[in-house]
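*Asks:* Dumping the structure here so I can ask a few things about it.
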């Protein structure tokens with residue numbers, strides 16, 4: 001199965017609440033790993049082999065289908081929220097034993113009913129930092145870096161256009177003419193635009209749009225590469241010692 005750390009979160013709106021889901025399914029065996037979060041807690045489940053088969057039979061005793069087919073269908077249901085599927089979440093808050101059950105009811109080909117339940121348990125706070133807090137901080141930092149670069153490029157472009165005008169060049173169409181970019185005015189305009197409160201009220205949905213998912217995946221993949229390079233560097237003294245020992 002692919003590493004869950006690099007898998008982007010998918011937004012789900014279930015029972016008037018915001019959740020995000022990420023999952024990884026095995027290619028050759030009936031297995032999966034799934035994370036579910038409401039941004040305050042994080043739940044996780046791993047199911048493999050016989051447990052997958054047992055659960056399929058438990059909730060669908062009369063269903064005759066290949067496990068690979070059911071796995072593929074299940075993967076589709078948690079990859080994005082399906083309008084034809086019923087999603088229900090129950091959180092059982094018991095002292096030292098907090099559990100979440102995600103129940104899905106849908107139909108397979110020819111209208112055959114299919115039911116599945118994910119039985120997840122809470123993960124420690126450091127997992128929330130690894131999979132949510134740190135990536136979001138990195139996303140904000142990267143978007144700020146891109147914004148600064150775009151502002152720099154627009155300022156440079158305005159200077160280039162001004163130089164063309166001073167040289168006697170004129171636009172062929174007046175509707176192509178633009179105002180000189182002012183970063184401060186731009187920020188004020190964005191704060192007063194209707195999209196600003198919309199982003200605040202519905203931040204989970206906007207944060208994990210397709211572009212947000214892409215950025216999350218890019219950041220987490222880069223993080224893994226940087227960590228691997230760091231690990232290799234830290235191992236160099238040990239490798240040098242081993243090689244020196246072999247030589248002598």
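*Asks:* Condition test on residue 197, is it closer than 30 Å to residue 14 by Cβ and in contact (Cβ under 8 Å) with a residue 40 or more places away in the chain? Step through it out loud before you land on a result.
*Replies:* On the way: closer than 30 Å to residue 14 by Cβ: yes; in contact (Cβ under 8 Å) with a residue 40 or more places away in the chain: no.
Answer is no for this residue.
*Asks:* Right, another one. On the given criteria, is residue 131 in contact (Cβ under 8 Å) with a residue 60 or more places away in the chain, touching a strand residue (DSSP E or B) at 6+ places or on another chain (Cβ under 7 Å) and either in the same structural domain as residue 224 (by the TED database) or assigned to a loop (DSSP other than H, G, I, E, B) (or both)? Explain how you work it out, then say what you get.
*Replies:* Numbers: in contact (Cβ under 8 Å) with a residue 60 or more places away in the chain: yes; touching a strand residue (DSSP E or B) at 6+ places or on another chain (Cβ under 7 Å): yes; either in the same structural domain as residue 224 (by the TED database) or assigned to a loop (DSSP other than H, G, I, E, B) (or both): yes.
Yes.
*Asks:* Here's another thing I want to ask about it. Could you grab me the full set of residues in segment 32-49 that are surrounded by fewer than 20 Cβ atoms within 10 Å (Cβ to Cβ), touching a helix residue (DSSP H, G or I) at 6+ places or on another chain (Cβ under 7 Å) and touching a residue at least 40 places away in the same chain (Cβ under 8 Å)?
*Replies:* 39, the sole residue that qualifies.
*Asks:* Out of 207, 151, report the one residue that is in contact with a helix residue (DSSP H, G or I) (Cβ under 9 Å, 6 or more places away or on another chain), outside the structural domain of residue 20 (by the TED database) and modelled with pLDDT of 95 or more.
*Replies:* Result of the check over 207, 151: 151.
*Asks:* Scan segment 212-229 and give yes if some residue there is more than 30 Å from residue 80 (Cβ to Cβ) and modelled with pLDDT of 95 or more, otherwise no.
*Replies:* So the first thing to find is which residues in segment 212-229 are more than 30 Å from residue 80 (Cβ to Cβ), and the list is 228-229.
Retained after the next criterion (residues that are modelled with pLDDT of 95 or more): none.
Looking for residues that are more than 30 Å from residue 80 (Cβ to Cβ) and modelled with pLDDT of 95 or more, one finds none in segment 212-229, hence no.
*Asks:* Hey, among 140, 78, 112, which residue is exposed (fewer than 15 other Cβ atoms within 10 Å of the Cβ) and within 30 Å of residue 64 (Cβ to Cβ)? Walk me through how you get there before you give the answer.
*Replies:* Values: 140 fails: within 30 Å of residue 64 (Cβ to Cβ); 78 fails: exposed (fewer than 15 other Cβ atoms within 10 Å of the Cβ).
Testing whether each residue is exposed (fewer than 15 other Cβ atoms within 10 Å of the Cβ) and within 30 Å of residue 64 (Cβ to Cβ) leaves just 112.
*Asks:* Also, quick follow-up: Regarding segment 6-18, can at least one residue be identified that is without any contact (Cβ under 8 Å) to a residue 40 or more places away in the chain, outside the structural domain of residue 209 (by the TED database) and exposed (fewer than 15 other Cβ atoms within 10 Å of the Cβ)? If you could, list the steps in order and put the result at the bottom.
*Replies:* From segment 6-18, those without any contact (Cβ under 8 Å) to a residue 40 or more places away in the chain are 16; that's our starting set.
Filter once more, keeping what is outside the structural domain of residue 209 (by the TED database): 16.
Now narrow it down to the ones that are exposed (fewer than 15 other Cβ atoms within 10 Å of the Cβ): 16.
Checked segment 6-18: at least one residue is without any contact (Cβ under 8 Å) to a residue 40 or more places away in the chain, outside the structural domain of residue 209 (by the TED database) and exposed (fewer than 15 other Cβ atoms within 10 Å of the Cβ).
*Asks:* Also: Of all residues in segment 48-100 being modelled with pLDDT of 95 or more and in a strand (DSSP E or B), which is farthest from residue 35 (Cα to Cα)?
*Replies:* Within segment 48-100, the match that is farthest from residue 35 (Cα to Cα) is 86.
*Asks:* Which residues, taken from segment 8-28, are under 13 Å from residue 75 (Cα atoms) and in contact with a strand residue (DSSP E or B) (Cβ under 8 Å, 6 or more places away or on another chain)? Give the derivation first.
*Replies:* Looking only at segment 8-28, we keep the residues that are under 13 Å from residue 75 (Cα atoms), and these are 10, 21-27.
Within segment 8-28, 10, 21, 22, 23, 24, 25, 26 qualify.
The values are calculated or read from the model by the stated rules, or taken from the named source; none is laboratory data. All figures in this text were calculated on a predicted structure; none of them were measured in a lab. No Cβ is skipped: glycine too gets one built from the backbone with ideal geometry, and neighbour counts run over all protein chains shown.
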